[in-house]
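Asks: To start, I am sharing the structure in question, which I have written as structure tokens.
The values are calculated or read from the model by the stated rules, or taken from the named source; none is laboratory data. Keep in mind the model is a prediction, meaning the values are calculated, not measured. Methodologically, a virtual Cβ is constructed for each residue, glycine included, from the backbone with ideal geometry; neighbour enumeration extends over all protein chains shown. Ligands, DNA and RNA are stripped out before the accessible areas are found, and what is left, the full protein with its side chains, is counted by its heavy atoms. Shrake-Rupley method; radii C 1.70, N 1.55, O 1.52, S 1.80 Å.
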Amino acid sequence: MPFLEFPYKDTDERTIQNRLRGMAYQGPLSFNPSCDRFVYSPSTGDIIHFYAIEGDEVHVVSRLEKAYPRYIPEEGTDGAISAAISRSEKFSYIASTATDRYVYLLYSGAVFEDLIKEGKMNSGQTVFVYNWKGEKLRSFALDVDCQQICVSTDDGTLYAIAENPEPELVRFDISPWQK
């Protein structure tokens with residue numbers, strides 16, 4: 001897979017133009033503080049890619065592709081593009097952050113249709129922690145729904161934007177899990 005080619009589940013999906021496929025595979029991209037590694041995780045499906053940067057080269061370290069989003073790519077005669085995601089599709093990784101040691105992914109698991117019915121924003125309470133080799137180390141639950149996350153460079157504190165019910169900055173001590 002060339003760099004900047006979006007994932008695909010099979011040869012049929014690969015025939016969809018990359019720019020159209022990219023509409024279904026949008027999601028967070030996070031760099032470590034040293035800016036020599038980054039992680040990509042679409043907001044639908046269950047996909048995580050880990051990359052390393054060496055000079056002017058970008059190398060794939062690991063690709064975890066467990067499930068792909070269901071969508072219908074559309075290209076209008078006016079040049080507009082879209083990818084209609086199935087209403088029964090789940091949101092997966094809605095936010096990510098990284099340190100030089102770990103990658104943190106905020107997971108939702110909410111179904112599009114339920115969020116639409118309830119008139120809610122997408123948020124999550126589960127955080128998955130990976131190392132830069134792409135190995136899952138653990139997960140933990142937050143006690144409030146969050147939409148964005150950030151972790152201190154010492155991996156001891158997780159900050160998040162929570163709907164409580166108004167948006168507010170919250171803080172979690174995550175240092176105990178490392179012991």
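Asks: Go through segment 47-93 residue by residue and tally those that are open to solvent by 30 Å² or more (accessible area, probe 1.4 Å) and within 14 Å of the chain's Cα centre (by Cα).
Replies: Number satisfying all stated conditions: 8.
Asks: I would also like to ask the following. Considering each residue of segment 120-171, count those that are in contact with a Cys (Cβ under 8 Å, 6 or more places away or on another chain), touching a residue at least 40 places away in the same chain (Cβ under 8 Å) and within 21 Å of Asn32 (Cβ to Cβ), and give that number.
Replies: Within segment 120-171, residues that are in contact with a Cys (Cβ under 8 Å, 6 or more places away or on another chain), touching a residue at least 40 places away in the same chain (Cβ under 8 Å) and within 21 Å of Asn32 (Cβ to Cβ) number 2.
Asks: Looking at Leu169, is it aliphatic (A, V, I, L, M), in a strand (DSSP E or B) and open to solvent by less than 30 Å² (accessible area, probe 1.4 Å)?
Replies: Judged against the criteria, Leu169 is not a match.
Asks: Also: If we scan segment 117-134, do we find a residue that is under 22 Å from Ala24 (Cβ atoms) and either touching a helix residue (DSSP H, G or I) at 6+ places or on another chain (Cβ under 6 Å) or among the polar types (S, T, N, Q) (or both)?
Replies: yes
Asks: Inspect segment 131-148 for any residue being aromatic (Phe, Trp, Tyr), crowded, with 18+ Cβ neighbours inside 10 Å, modelled with pLDDT of 95 or more and closer than 11 Å to Leu106 by Cβ and give the result as yes or no.
Replies: Within segment 131-148, none of the residues are aromatic (Phe, Trp, Tyr), crowded, with 18+ Cβ neighbours inside 10 Å, modelled with pLDDT of 95 or more and closer than 11 Å to Leu106 by Cβ.
Asks: Is it fair to say Asp10 is over 23 Å from Tyr102 (Cα atoms), surrounded by fewer than 20 Cβ atoms within 10 Å (Cβ to Cβ) and either at pLDDT below 95 or in contact with a Ser or Thr (Cβ under 9 Å, 6 or more places away or on another chain) (or both)?
Replies: Here the answer is yes, as Asp10 does meet what is asked.
Asks: Please identify the pairs in which a residue from segment 18-33 that is free of Cβ contacts under 8 Å to residues at least 24 places away in the same chain has its Cβ atom under 8 Å from the Cβ atom of a residue that is open to solvent by 70 Å² or more (accessible area, probe 1.4 Å), counting only partners at least 6 apart or on another chain.
Replies: Asn18/Leu4
Asks: Now for a separate question. Among the residues of segment 143-179, write down those that are under 17 Å from the mean Cα position of the chain (by Cα) and hydrophobic (A, V, I, L, M, F, W, C).
Replies: Cys146, Ile149, Cys150, Val151, Leu158, Ala160, Ile161, listed by residue number.
Asks: Considering each of Glu135, Glu166 in turn, give the residue that is of a type in the set (Asp, Glu) and under 30 Å from Gly119 (Cα atoms).
Replies: Every option except Glu166 fails the conditions.
Asks: Next up: Return yes or no: is Phe50 assigned to a strand (DSSP E or B) and touching a Gly at 6+ places or on another chain (Cβ under 6 Å)?
Replies: Judged against the criteria, Phe50 is a match.
Asks: Turning to a different aspect of this structure: Search segment 22-44 for residues being at pLDDT 95 or above and outside any loop (DSSP other than H, G, I, E, B), and hand back the single one that is most open to solvent (accessible area, probe 1.4 Å).
Replies: Checking each candidate, the answer is Phe31.
Asks: Here's another thing I want to ask about it. Output the number of residues of segment 151-162 satisfying the condition of being open to solvent by 70 Å² or more (accessible area, probe 1.4 Å) and not β-branched (Val, Ile, Thr).
Replies: Summing the residues that are open to solvent by 70 Å² or more (accessible area, probe 1.4 Å) and not β-branched (Val, Ile, Thr) in segment 151-162 gives 2.
Asks: Report whether or not Ile16 is outside any loop (DSSP other than H, G, I, E, B) and either at pLDDT below 95 or in contact with a strand residue (DSSP E or B) (Cβ under 7 Å, 6 or more places away or on another chain) (or both).
Replies: So Ile16 does not fit the description; no.
Asks: I need a count of the residues in segment 94-119 that are free of Cβ contacts under 8 Å to residues at least 24 places away in the same chain, surrounded by fewer than 19 Cβ atoms within 10 Å (Cβ to Cβ) and in a loop (DSSP other than H, G, I, E, B).
Replies: Residues meeting the conditions: 2.
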